[in-house]
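First the structure, in the form of structure tokens, and then the observations on it.
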Amino acid sequence: MIDNKHLKNASKYKSLFSKNKPYPNLVLDGFFDSKYLSSIRNSLGSENFTHKDSDLFEFYQTDDLASSKIPQLSEFRKYLLSDEAINFMEELSGVKLDRKKISIHATLYTDTHYLLCHDDQLDDRRLAIMIYLSDLDEKNGGKLVLYDSKGKKPANVKVSITPKFNRFAIFKIGEKSFHEVTEVLGNKPRLAIGWWYYDK
Amino acid sequence: MTSKNSIINQHYSTQISAIKKALSSENVVQLQEFFDKEFYYTLLSQARKSKLKQDVDIFEYRYKSGKISLPKEFEDFIKKITGKKFKYQIIELEHKDYSLIHDKKAEIAIDLTENWLNGWGGYLMYNDGSGNVTKIPSKQNSLTISNGKIFGAIKYVNNHSGKNKKLYIIGR
């Protein structure tokens, strides 16, 4: 289900991923088969989203898709734990992953929703991945931004990723993997599925 | 209503025990129409004239801040309730500003903002650490006191705020 043009290029992506600043990251467009991803997006219409609201963030989120009763979403989660998907992620990132463990949620950001800067470090998370399911423009906000660091703190935005349908963004989680989702401005919703792979 | 020459609403200066009791059981209290109107507008004018500097620690806060001192009568009132002395600063928040949860520390917040909608963010929020969140509605001339048993934060100010600014005096 990962598009063949990407599957066969995992080794090429490895050096890009590791060299990219401010910490290992990569963005790939047209990542999954487009029709397949459209069906995943449509399936989310039947999934329940809960309003999450704190000082750090505000958005809608599903429960972990491990508990989804929608067959397409369960199958998607299974695929992300398949040898094909895990081998690709391991080759691209150079990280050995737990082949049985994944946390995966869909998120929906509407006007004013945001996620302030954090590092994603929790448990043994090693890779953070997003696949975007809606198209936003620069002016719509909702961008994933990666910060460089000064000492142990985030400093300046170095990478800014605008959500586009079937755009895949991956970064390595570490002490300085500082990132945020900028506030969504206006009526275009930001729909995405995000997941974490864990240390082997 | 204020007693002669008092800067504090008499209703509150005569209800110290009740306020202490409420603070003890609720961990946070908001006292509305707290200052005498004349003093409130003097304080507002003083705050607006203060020199503010951009203050950012991405992991903790983003706002403008400046120095301010408060009358002894106010400090005495606060000490009677909390048993503590606080250091005060002016905080001005606009679109994209926030203050994230920090240490469990007693805190004072005087709201100096007119015509602010809660939907714009910028309101005080307190978390007991178990996921129970108390949101304090934005209210001009209110005093909010937290007792240090909960975590305090100021909600991210969103794009609906336009060019409006939220003004607090915060004591920590």
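When the range A:53-104 is limited to residues that are surrounded by fewer than 18 Cβ atoms within 10 Å (Cβ to Cβ) and assigned to a strand (DSSP E or B), the one that is nearest to the other protein chains (Cβ to nearest Cβ) turns out to be A:D53.
Taking the conditions exactly as written (at pLDDT 95 or above, at negative phi, surrounded by fewer than 20 Cβ atoms within 10 Å (Cβ to Cβ) and in contact with a Phe, Trp or Tyr (Cβ under 7 Å, 6 or more places away or on another chain)), does A:D135 satisfy them or not? Yes: the conditions hold for A:D135.
Of the strands (runs of 3 or more DSSP E) contained entirely in the range B:22-138, those carrying at least 1 residues that are among the acidic types (D, E) and within 15 Å of B:R172 (Cα to Cα) fall at B:106-111. Suppose the filter is farther than 23 Å from A:N140 by Cα, in contact with a Leu (Cβ under 7 Å, 6 or more places away or on another chain), at pLDDT 95 or above and aliphatic (A, V, I, L, M); does B:I170 pass it? No; evaluated as a whole, the condition is false for this residue.
All conditions but one from (1) within 26 Å of B:K37 (Cβ to Cβ); (2) touching a residue at least 24 places away in the same chain (Cβ under 8 Å) apply to B:E75; the one that does not is (2). Can you pull out the residues in the range A:165-174 that are part of a loop (DSSP other than H, G, I, E, B) and either among the small types (G, A, S) or in contact with a Pro (Cβ under 9 Å, 6 or more places away or on another chain) (or both)? Residue satisfying the conditions is A:G174 alone. How about the range B:139-172: which of its residues are more than 14 Å from the chain's Cα centre (by Cα) and of a type in the set (S, T, Y)? Of everything in the range B:139-172, those that are more than 14 Å from the chain's Cα centre (by Cα) and of a type in the set (S, T, Y) turn out to be B:Y156, B:S161.
Restricting the range B:153-172 to residues that are in contact (Cβ under 8 Å) with a residue 60 or more places away in the chain and in a strand (DSSP E or B), the residue that is nearest to the other protein chains (Cβ to nearest Cβ) is B:I154.
Of the numbered criteria (1) under 19 Å from B:E94 (Cβ atoms); (2) buried (at least 18 other Cβ atoms within 10 Å of the Cβ), the one B:I19 fails is (1).
In the set (1) over 21 Å from B:N158 (Cα atoms); (2) more than 14 Å from the chain's Cα centre (by Cα); (3) within 14 Å of chain B (Cβ to nearest Cβ); (4) in a loop (DSSP other than H, G, I, E, B), A:N48 fails one condition alone, (3). Being under 14 Å from A:P163 (Cα atoms), in contact with a Lys or Arg (Cβ under 8 Å, 6 or more places away or on another chain) and among the hydrophobic types (A, V, I, L, M, F, W, C) is the filter here; which residues of the range A:97-129 pass it? Hit for the range A:97-129 is A:L108, nothing else.
For the range A:113-164, filtering for residues that are more than 13 Å from chain B (Cβ to nearest Cβ), within 19 Å of A:L37 (Cβ to Cβ) and in a loop (DSSP other than H, G, I, E, B) leaves 7. In summary, B:I16 fulfils each of the numbered conditions (1) within 23 Å of B:D76 (Cα to Cα); (2) free of Cβ contacts under 8 Å to residues at least 24 places away in the same chain with the single exception of condition (2).
Can you find, within the range B:103-126, the residue that is modelled with the lowest pLDDT among those that are touching a strand residue (DSSP E or B) at 6+ places or on another chain (Cβ under 6 Å) and of a type in the set (G, A, S)? Once the filter is applied, the top-ranked residue is B:A106.
Can you confirm whether A:N4 is more than 30 Å from B:Y156 (Cα to Cα) and surrounded by 15 or more Cβ atoms within 10 Å (Cβ to Cβ)?
Values: more than 30 Å from B:Y156 (Cα to Cα): yes; surrounded by 15 or more Cβ atoms within 10 Å (Cβ to Cβ): no.
No; evaluated as a whole, the condition is false for this residue.
Cβ-Cβ contacts under 6 Å between residues 6 or more apart (or on different chains), taken from a first residue in the range B:51-67 that is under 25 Å from B:K104 (Cβ atoms) to a second residue that is assigned to a loop (DSSP other than H, G, I, E, B), are listed as B:E60/B:L100; B:R62/B:D97; B:Y63/B:D97. Residues that are buried (at least 18 other Cβ atoms within 10 Å of the Cβ), in contact with an Asp or Glu (Cβ under 7 Å, 6 or more places away or on another chain), within 14 Å of another protein chain (Cβ to nearest Cβ) and polar (S, T, N, Q) occur at least once in the range A:166-189.
The values are calculated or read from the model by the stated rules, or taken from the named source; none is laboratory data. These numbers were taken from a predicted model, which means no experiment stands behind them. Backbone-built Cβ (ideal geometry, glycine too); neighbour counts: all protein chains shown.
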